[in-house]
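Contents: one structure, followed by commentary.
The values are calculated or read from the model by the stated rules, or taken from the named source; none is laboratory data. A quick note: this is a predicted structure, and the numbers were derived from the prediction, not measured. Here Cβ is always computed from backbone atoms with ideal geometry, including for glycine, and neighbour counts include all displayed protein chains. SASA here: full protein model, heavy atoms, side chains in, ligands and nucleic acids out. Shrake-Rupley method; radii C 1.70, N 1.55, O 1.52, S 1.80 Å.
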Amino acid sequence: MKPAYIGDYGELCAARYLRERGVRLIASQYRSRVGEIDLIVEDGGFLAFAEVKTRSSGMIAPPQEAVDTAKRRRLILTASAYLAERHVEAPCRFDVIEVFLDRSDRVERVEWLKNAFEADEIANI
């Protein structure tokens, strides 16, 4: 699979994975002037902003490591824009969903890291 398609494919797989677990998809690829959020879902009374990271077989670093401080800051700012735009007041969290592909680009496994980071972790950085 071409690298340009891997991210979109991973997001589709992650959305399907979540739906199969009873999670309601609110939005995908939400964009603001600050950034993009891959998936916004409702899960157990929480509004979860999820970053999806997809990796092919043989990658050394875990996908979650790609969600660095700068990426977290953009996610938080984009989530704030979403909440303000929609006038939403709900408990929120930030998740990371790791999609691992095998050598044939089939989903090998999905790891859902709920509450992967807190907004206040980077507030003073």
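For Lys114, the aspartates and glutamates whose Cα comes closer than 19 Å to its Cα, not counting residues fewer than 8 places off in the same chain, are Glu11, Glu20, Glu36, Asp38, Glu42, Asp43, Glu51, Glu65, Asp68, Asp95, Glu98. The HN-Hα couplings worked out from phi for region 104-109 by the Karplus form 6.51 cos²θ - 1.76 cosθ + 1.60 (θ = phi - 60°) are 9, 6, 9, 5, 7, 6 Hz, whole numbers, x standing for Gly and Pro. Report the antiparallel proportion of the DSSP beta bridges in the chain as a percent, rounded to a multiple of 5. Among the beta bridges of the chain, antiparallel pairing accounts for roughly 65 percent. Counting only protein heavy atoms and a 1.4 Å probe, the chain has 59 square angstrom of accessible area per residue.
Considering only protein heavy atoms and a probe of 1.4 Å, how much of the accessible area of the chain is carbon and sulfur, as a whole percent? Solvent-exposed carbon and sulfur of the chain make up 48 percent of the total. Taking packing as the residue-averaged number of other Cβ atoms within 10 angstrom, the listed peptides 80-93, 35-48 run from highest to lowest as 35-48, 80-93. Residues whose amide H comes within less than 5 Å of that of Ser56, counting only those at least five positions distant or on another chain, are Leu101 (H built at 1.01 Å from N in the peptide plane).
Look at (1) 14.0; (2) 18.3; (3) 14.9: the one that is Kirkwood radius over Cα pairs in Å derived from this structure is (3). Angle of helix 69-86 to the longest C-alpha principal axis of the chain, folded into 0 to 90 degrees and rounded to 10: 50°. Label positions at Arg16 and Arg31, each projected 7 Å from the Cα along the C-beta direction, are separated by 2.5 nm.
Shape class of region 1-41 from the alpha-carbon gyration tensor: oblate, with a/c at 1.5 or above and b/c at least as large as a/b. So what's the angle, to the nearest 10 degrees on a 0 to 90 scale, between helix 3-20 and the longest Cα principal axis of the chain? The helix 3-20 is inclined about 70 degrees to the chain.
Residues of region 88-105 with an amide N closer than 13 Å to a point placed 7 Å from the Cα of Ser56 along the Cα-to-Cβ direction: 101-105.
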